[in-house]
Amino acid sequence: MNTVTDPSNEILVDCKSVWKIFGSRAPAAVKAISERGLSKKQVLDEFNCVVGVADASLQVRRGEIFCVMGLSGSGKSTLIRLLNRLIEPSMGGIVVKGRDIAKLNAAQLRDMRARHIGMVFQSVALLPHRTVLENAAFGLEVRGVGKEERHQTARAALDKVGLTDWTSRYPSELSGGMQQRVGLARALAADPEIILMDEPFSALDPLIRRQLQDEFRQLTKSLGKSAVFITHDLEEAIRIGDRIVIMKDGVIVQVGTAEDIVTNPADDYVSDFVAGISRIHLVKAHTVMRPVAEYSAAHPHVDVGSLLRASPEADIGNLIDLTMQSDRDAIAVVDNDAIVGVVTTRGLLRSVAGHPASQATAA
Amino acid sequence: MDISVIADTFDVWTDDALSWISDHGEWLFEFVRMVLETTYDGVLWLLQVPPFYVIAVLAALIAWRQINLLAGVAIGVALAFCSFMGLWEETMSTLALVITATVLALLVGIPVGIVAGFVRTFDRFLDAVLDLVQTLPPYIYLLPAIALLGYSPATALVATFIVAVPPAVRLTSLGIRMTPNEFIELGQASGLTPWQMFTKIRMPFAVPSVMAGINQSLMMAFGMVVIAGIVGSGGLGATIYGAIRTLDIAVSINAAIAIVILTMILDRLTQSAGRRERETGR
């Protein structure tokens, strides 16, 4: 599993067919599922147990922001708590940094949580009787780091989230957005490789939320952290996530980049979700383009080489701008000096409207 | 017929048990009595050595710092009034009784409450015991107490202690159990040891409830003052009991006023301490 040599591809969290079943007869239900492959409904009827997470497999790579999107009750909060064993899995294995966390003893698990997996909560959970600085230093304090050193580290973390001037205030004096920044600073101060974000921005108003999303992404990337980010908001997942997993009723419905999910929804459930999402900055030329031959066949008199050019990574917004600048109805997509495809105006309109690219025919 | 036999047998057993205990446990009760009386005498000595105005000014200063200037002045004047009524010594001896009993009750009640906060079955068991203690008329356990400890401040202390313990236990246990779930989760996710979870998360959140428990213990202890007077506490309780026997209404009212003053002062002071704890919290 860890044979990947490229450090940027190193798998930090590996979740292998994990199940979580809630209820007093969970062990029996687990046995029945592995032996007879019961469905969730059968488990509920037969054992009166609720399946929180069913057969979830996912991998989080180093430096990646991995979003888990789902509505309430989809099992996303359960899933994230399985990753640091706040909830014990009923079945399946979770490997974090090469160690099977189910096999850790209490002290090793505490160490793993204190040093390697940070967590930020929707409720923020700042200790009300401590100052902002003391809250940010909490993770280091419990690890036994000296006061001077932990306050210095916490101050640096608060600088990063823009709260330099608020260190001696109490949480109640801060706005919701600022409190969540403290929550993030607290996680960052402990310097874990992986940060679990449990719907951290859901309770904030839209403007602040957007601002924090951008800051979070930038900060995570610049510090080289990996994050698992839970959200019920697909737009948030798209803004933040390198990859997105969509959950429904405890099952992972689809995993992929934002573009994969928007252009190729796995089922009707996902299509419904992505229907309202703007594709303009998501869908790239390489998805929209059609083969050159197809275009040439339809337009025999047009010289493909004379079209305006764009890179395969240009998004629809760029392509529209280019189209507006030219009197032609198509743009050539160029990769390494070779024309690899053609984007037509019609193709652009189709992708903006959300029609699958495969249906687009050269016009 | 049968039933009365059972009741009679039970009565005989109880009497036998009590006399067995007082015969064989005499050294123990003598020891308990000595410890309680020494403690009580020590506290009383502390309160009676300084003249009344020192205590009054001290209390006023504390109230000023804890609450506000008006409360400080009011408390100083009220204490001076106790002295002008000629009841200073009695007031201080009642205060000594209440403070000693409450402190002892907290020393027992808070640790027991902490354990009960963690161990659910122990909490349920305690609940039944405390219900019994709180509903039992004090006279029921005063009789054996007098039999074992004699007519003395020690008996009064025990009686007061018994009523002061339950609120301390109950509110401490409640405070421990009421830690918001999100903070428990924070503690777990931050890798806290069980001891750190207790000192850094559970205890700070329990403090307001524990403070309320301290306040309630004090109030319960004050409620026992007159009954304590009957079993030999001395102080205002004895004054009132004496006044009741001689139908001296004036004296009984004076003593009652002194009790009310003491109660209100300690109530306000402990409440404000609890409130401050909450306010820095939120």
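Matching residues to (1) outside the structural domain of B:L142 (by TED's automatic domain parsing); (2) closer than 20 Å to B:T100 by Cβ; (3) surrounded by fewer than 24 Cβ atoms within 10 Å (Cβ to Cβ):
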position	(1), (2), (3)
B:A164	no, yes, no
B:L171	no, no, no
B:I176	no, no, yes
B:P180	no, no, yes
B:I184	no, no, yes
B:S190	no, no, no
B:M197	no, no, yes
B:N215	no, yes, yes
- Message: Quick check on my filter: what residues within region A:252-262 are of a type in the set (V, I, T) and touching a Lys or Arg at 6+ places or on another chain (Cβ under 8 Å)?
- Response: A:V255, A:T257, A:V262
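Just to be sure, is A:G305 within 30 Å of A:K76 (Cβ to Cβ) and modelled with pLDDT under 85? Walk me through it before giving the result.
Working: within 30 Å of A:K76 (Cβ to Cβ): no; modelled with pLDDT under 85: yes.
Here the answer is no, as A:G305 does not meet what is asked.
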- Item | Checking A:R85 against (1) outside any strand (DSSP E or B); (2) over 21 Å from A:F121 (Cβ atoms); (3) among the charged types (D, E, K, R), the condition it does not meet | (2)
- Task: Go through region A:330-343 and give me each residue that's in contact (Cβ under 8 Å) with a residue 24 or more places away in the chain and either out of contact with any strand residue (DSSP E or B) (no Cβ under 8 Å at 6 or more places or on another chain) or farther than 24 Å from A:S271 by Cβ (or both).
- Result: A:A330, A:I331, A:A332, A:V333, A:V334, A:D335, A:I339, A:V340, A:G341, A:V342
- Is region A:195-214 home to any residue that is assigned to a loop (DSSP other than H, G, I, E, B), hydrophobic (A, V, I, L, M, F, W, C) and surrounded by fewer than 18 Cβ atoms within 10 Å (Cβ to Cβ)? yes
- Task: For A:A125, work out the one condition from (1) touching an Asp or Glu at 6+ places or on another chain (Cβ under 7 Å); (2) surrounded by fewer than 23 Cβ atoms within 10 Å (Cβ to Cβ) it doesn't fulfil.
- Result: (2)
- Note on the structure: Given the conditions (1) surrounded by 15 or more Cβ atoms within 10 Å (Cβ to Cβ); (2) touching a residue at least 24 places away in the same chain (Cβ under 8 Å); (3) not acidic (D, E), every one holds for A:A297 apart from (1)
- Qualifying positions in region A:81-103 - of a type in the set (K, R), over 11 Å from A:D14 (Cβ atoms) and surrounded by fewer than 21 Cβ atoms within 10 Å (Cβ to Cβ): A:R85, A:K103
- Note on the structure: Checking A:R99, A:R62, A:R85 in turn, the sole residue that is over 22 Å from A:I240 (Cα atoms) and away from every other protein chain (no Cβ under 14 Å) turns out to be A:R99
- Message: If I go through region B:112-155 residue by residue, how many of them are modelled with pLDDT of 90 or more and of a type in the set (G, A, S)?
- Response: 4
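Counting only residues that are touching a residue at least 60 places away in the same chain (Cβ under 8 Å) and surrounded by 14 or more Cβ atoms within 10 Å (Cβ to Cβ), how many does region A:14-26 have?
Matching residues across region A:14-26 total 8.
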- Query: Can you name the helices (runs of 4 or more DSSP H) wholly within region B:103-202 that have at least 1 residues being within 14 Å of chain A (Cβ to nearest Cβ) and more than 21 Å from B:A238 (Cβ to Cβ)?
  - Reply: B:153-177, B:181-189
- Query: Hey, among the residues in region A:10-67 that are on the phi > 0 side of the Ramachandran plot and not polar (S, T, N, Q), which one's modelled with the lowest pLDDT?
  - Reply: A:G37
- Test B:A221 against the stated conditions and say whether it is buried (at least 21 other Cβ atoms within 10 Å of the Cβ), under 25 Å from the mean Cα position of the chain (by Cα) and modelled with pLDDT of 90 or more. yes
- Task: Assess whether B:L107 counts as being buried (at least 16 other Cβ atoms within 10 Å of the Cβ), modelled with pLDDT of 90 or more and within 30 Å of B:L126 (Cα to Cα).
- Result: no
- If A:G92 passes every condition in (1) touching a Ser or Thr at 6+ places or on another chain (Cβ under 7 Å); (2) at the interface with chain B (Cβ under 9 Å from one of its Cβ atoms); (3) part of a strand (DSSP E or B) but one, which one does it miss? (2)
- Note on the structure: Taking region A:280-298 and keeping residues under 30 Å from A:R239 (Cβ atoms) and in a loop (DSSP other than H, G, I, E, B) leaves A:I280, A:H281, A:L282, A:V283, A:M289
- Message: Every residue in region A:112-152 that is more than 10 Å from chain B (Cβ to nearest Cβ), within 21 Å of A:I195 (Cβ to Cβ) and charged (D, E, K, R), please.
- Response: A:E134, A:R150
- Message: It is to be established whether one or more residues within region A:317-324 are closer than 22 Å to A:I65 by Cα and hydroxyl-bearing (S, T, Y).
- Response: no
- Message: Pull out all pairs, ordered by first then second residue, where Cβ-Cβ is under 8 Å, the residues are six or more apart or on different chains, the first lies in region A:95-110 and is outside any helix (DSSP H, G or I), and the second is surrounded by fewer than 12 Cβ atoms within 10 Å (Cβ to Cβ).
- Response: A:V95/A:M1; A:G98/A:N2
- Candidate set from region A:168-194 (those that are part of a loop (DSSP other than H, G, I, E, B) and within 12 Å of chain B (Cβ to nearest Cβ)); member that is farthest from A:A136 (Cα to Cα): A:P192
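Every residue in region A:157-167 that is part of a helix (DSSP H, G or I), in contact (Cβ under 8 Å) with a residue 12 or more places away in the chain and out of contact with any Phe, Trp or Tyr (no Cβ under 8 Å at 6 or more places or on another chain), please.
Matches in region A:157-167: A:A157, A:K160, A:W166.
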- Item | Filtered residues of region A:245-284 (kept if of a type in the set (A, V, I, L, M) and under 18 Å from A:F229 (Cα atoms)) | A:V245, A:I246, A:M247, A:V251, A:I252, A:V253, A:V255, A:A258, A:I261
- Query: Which residues, taken from region A:257-287, are more than 19 Å from the chain's Cα centre (by Cα), among the charged types (D, E, K, R) and buried (at least 16 other Cβ atoms within 10 Å of the Cβ)?
  - Reply: A:K284
- Query: Across region B:203-213, which residue is farthest from B:R177 (Cα to Cα) among those that are away from every other protein chain (no Cβ under 12 Å) and of a type outside the set (G, A, S)?
  - Reply: B:M211
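The values are calculated or read from the model by the stated rules, or taken from the named source; none is laboratory data. On a predicted model such as this, the values are computed, not experimentally measured, just so you know. Note: ideal-geometry Cβ built from the backbone for every residue, glycine included; neighbour counts use all protein chains shown.
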